[in-house]
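Read through the structure below, which is laid out as structure tokens, and then see the notes.
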Amino acid sequence: MPSFYPENIPQEMKDIPQWVLWKLEKRDGKLTKVPYQVNSKKADTTKSETWTTYELAFTSYDSSIHAGLGFVLTKETELVAIDLDHALHNAISPVDGCTSKEWDNGILAEIQDFDSYTEFSQSGDGVHIFCKGTMPKAGRKKGKHEMYCDNRFFAITGDHLAGTPRIVNEAQECIDVYYQLWFEGYETTNNSNNIKSPIMDDGDIIK
């Protein structure tokens, strides 16, 4: 089962009654995250009556049945979620031949730019960033980058990335800049030109 650390989930997200449970199920030969209600019926990211409070979802969570809790995004909450898929990869040291996890080029700079709550995804090799703002257009996916604000649920792990905020911060400028950069291919001046090194010690980076 995926790691789940509920104590790390920002209270602001817990206070929004847009929670579901989820399971990993096979669809077309591959595992897919499927949202469920607390009554064991499937949930729908477009129907609020199938969502519930964090408290009820958490008390209904059974690790032998469910993979975890999920948060449903809606435009009304003005929360944006960024999914950086496969951000970590295995690297073999040329010195001792040991294998370790390394970040893909530029990923840490992107995370630092948003300066908001970030957690490892269910797979363990990707990250989710949750921030405040609105998107210029509909949700998009291109390559390893995804950004959504509506009609989508995210599996929440609470596996907080050390060195990032534990709260959800406003990031409208970054949302606009990176939407153009990732999905529309615009060259633009942005904060990443003057990015600071992430606030992480060596142990956190290696982890």
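Miscellaneous remarks
- From 48, 64, residue being farther than 12 Å from residue 156 by Cβ, surrounded by 12 or more Cβ atoms within 10 Å (Cβ to Cβ) and among the polar types (S, T, N, Q): 48
So that you can scan it fast, the table gives a plain yes or no per residue for (1) part of a loop (DSSP other than H, G, I, E, B); (2) buried (at least 19 other Cβ atoms within 10 Å of the Cβ); (3) modelled with pLDDT under 85:
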site: 100; (1), (2), (3): no, no, yes
site: 105; (1), (2), (3): yes, no, yes
site: 111; (1), (2), (3): no, yes, no
site: 122; (1), (2), (3): yes, yes, no
site: 136; (1), (2), (3): yes, no, no
site: 147; (1), (2), (3): no, yes, no
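- Residue that is farthest from residue 70 (Cα to Cα), among those in the range 1-40 that are assigned to a strand (DSSP E or B) and among the hydroxyl-bearing types (Ser, Thr, Tyr): 32
- Here residue 51 fits the description: of a type outside the set (S, T, N, Q), out of contact with any Gly (no Cβ under 8 Å at 6 or more places or on another chain) and closer than 22 Å to residue 131 by Cα.
- Filtered residues of the range 11-25 (kept if surrounded by 18 or more Cβ atoms within 10 Å (Cβ to Cβ) and more than 18 Å from residue 36 (Cα to Cα)): 13
- Here the range 64-91 is the region considered, the condition is being among the small types (Gly, Ala, Ser) and not in a strand (DSSP E or B), and the residue that is farthest from residue 133 (Cα to Cα) is 64.
- Test: residue in the range 81-98 that is closer than 25 Å to residue 12 by Cβ, acidic (Asp, Glu) and at pLDDT below 95: yes
Table: residues versus (1) under 28 Å from residue 7 (Cβ atoms); (2) among the hydroxyl-bearing types (Ser, Thr, Tyr); (3) more than 12 Å from the chain's Cα centre (by Cα).
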site: 70; (1), (2), (3): yes, no, no
site: 105; (1), (2), (3): no, no, yes
site: 123; (1), (2), (3): yes, yes, no
site: 147; (1), (2), (3): yes, no, no
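- Residue check, residue 41 under 29 Å from residue 176 (Cα atoms) and surrounded by fewer than 11 Cβ atoms within 10 Å (Cβ to Cβ): no
The values are calculated or read from the model by the stated rules, or taken from the named source; none is laboratory data. Because the structure is predicted, anything quoted here is derived from the model rather than measured. Here Cβ is always computed from backbone atoms with ideal geometry, including for glycine, and neighbour counts include all displayed protein chains.
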